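The values are calculated or read from the model by the stated rules, or taken from the named source; none is laboratory data. Just so you know, these numbers come straight off a predicted model, no measurement behind them. FYI the Cβ positions are ideal-geometry reconstructions off the backbone, even for glycines, and counts take in every protein chain you see.
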Amino acid sequence: MILAACSADSGEPTTTLPATSDDSTFVGADGVTSDISDTSRIVVLNGDLVEVMFALGAGDRVIGRDLTTTYPPEALAVPHIGLGRKLNAEAVIGLAPTLVIGDTQIEPLSAIEQIRAAGIPVVILDVEATLPGVSRKIKTVADILDLDDEGADLVRDVEAEVQEALDLVAQAADMPRVGYVYVRGPETLLMFGNGMPTHFLIEAAKGIDAFGEAGVTFAVPLDAEQLVAASPDVLITPIEGFDLIGGMDAFLALPGVSETPAGMTKAIITYDEALFLGMGPRTGEALMQLVLDLHPELAKP
């Protein structure tokens with residue numbers, strides 16, 4: 001999930017349903033046309049796409065998922081095939097799926113080709129990192145599953161939740177400087193900037209992406225000097241990594257953190273990684289929580 005936006009932008013997606021009369025074909029983001037005749041047994045290679053399928057009411061079609069899947073809880077009962085970004089073709093083929101769905105983060109290509117050689121269609125979608133991209137993602141999955149009505153309903157609900165958060169934050173007077181530090185153990189310390197889902201969420205919540213403003217693009221290794229120079233008032237980090245390294249004291253001990261305004265005031269916010277980075281059906285929930293955390297004066301009494 002840490003590279004979730006590296007191939008995305010704010011323009012139109014390249015993954016679209018083909019303009020033909022044959023609804024059983026789909027042209028993926030990798031340019032490959034897949035013939036889809038059976039969507040009853042699906043292996044899903046990204047946690048956010050699993051969440052979309054369950055939200056569409058198609059969770060019973062998911063027979064395999066990757067280890068980034070953490071939501072909804074019932075999805076954890078589905079057999080996992082390891083990490084989609086380190087795809088094990090044999091594990092996927094062994095589940096006898098009728099369809100495999102993933103995004104452009106999935107690799108290696110040789111594993112994808114091995115699955116296709118076994119006669120199993122593999123649909124590759126674009127990564128979506130923006131708020132409009134959430135709706136595109138849902139619509140695309142719904143199209144593949146022939147659940148257009150369900151997709152339209154889900155998009156309407158998600159967009160309404162996002163708009164509710166945007167309407168509320170429009171009342172905020174201040175714009176705090178916010179930085180997102182991705183932690184997944186002491187060896188994985190990254191700063192997220194422009195192009196990442198965090199950038200668009202921070203800006204939508206009427207914050208300033210401190211790392212993006214400092215010139216950070218996508219995900220870069222944590223640099224103490226750059227972190228301090230960005231001067232974030234608030235730092236956000238995934239709760240999973242925060243707990244893994246030992247909590248607040250350990251986080252404040254990371255290079256440069258204690259020298260920032262956020263570190264000095266312990267203005268550290270933690271969120272579930274899938275909720276905040278997934279850009280899926282819970283995006284409105286994530287945005288509203290961020291709005292209230294950055295602007296607590298807007299909370300209802």
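Points to keep in mind about this one:
- Check on residue 272, within 16 Å of residue 180 (Cβ to Cβ) and acidic (Asp, Glu): yes
- Extreme residue, nearest to residue 189 (Cα to Cα), among residues of segment 246-257 that are among the aliphatic types (A, V, I, L, M) and surrounded by 18 or more Cβ atoms within 10 Å (Cβ to Cβ): 254
- 3 or more residues outside the structural domain of residue 29 (by TED's automatic domain parsing) and out of contact with any strand residue (DSSP E or B) (no Cβ under 6 Å at 6 or more places or on another chain): qualifying helices (runs of 4 or more DSSP H) within segment 46-123: none
- Top-ranked residue of segment 117-143 - restricted to ones that are touching a residue at least 40 places away in the same chain (Cβ under 8 Å) and basic (Lys, Arg), ranked as farthest from residue 50 (Cα to Cα): 136
- Only residues that are out of contact with any strand residue (DSSP E or B) (no Cβ under 7 Å at 6 or more places or on another chain) and either hydroxyl-bearing (Ser, Thr, Tyr) or in contact (Cβ under 8 Å) with a residue 60 or more places away in the chain (or both) were counted in segment 190-241, giving 7.
- Any hit, segment 280-296, residues being over 30 Å from residue 54 (Cα atoms), touching a Leu at 6+ places or on another chain (Cβ under 7 Å) and touching a residue at least 24 places away in the same chain (Cβ under 8 Å): no
- Flag for residue 260 being surrounded by 15 or more Cβ atoms within 10 Å (Cβ to Cβ) and either in contact with a strand residue (DSSP E or B) (Cβ under 6 Å, 6 or more places away or on another chain) or not assigned by TED's automatic domain parsing to the domain that holds residue 138 (or both): yes
- Residues in segment 269-301 that are farther than 30 Å from residue 59 by Cβ, of a type outside the set (A, V, I, L, M) and either surrounded by 20 or more Cβ atoms within 10 Å (Cβ to Cβ) or touching a Pro at 6+ places or on another chain (Cβ under 9 Å) (or both): 295 alone.
- Of the helices (runs of 4 or more DSSP H) lying entirely inside segment 181-275, those containing at least 1 residues that are within 26 Å of residue 71 (Cα to Cα) and among the charged types (D, E, K, R) span 197-204, 239-245.
- Residue within segment 95-108 that is charged (D, E, K, R) and surrounded by fewer than 16 Cβ atoms within 10 Å (Cβ to Cβ) present: yes
- Number of residues in segment 144-156 that are surrounded by fewer than 16 Cβ atoms within 10 Å (Cβ to Cβ) and touching a residue at least 24 places away in the same chain (Cβ under 8 Å): the value is 1.
- For segment 8-51, the set of residues classified as small (Gly, Ala, Ser), surrounded by 15 or more Cβ atoms within 10 Å (Cβ to Cβ) and at pLDDT 95 or above consists of 28, 29, 34, 47, listed by residue number.
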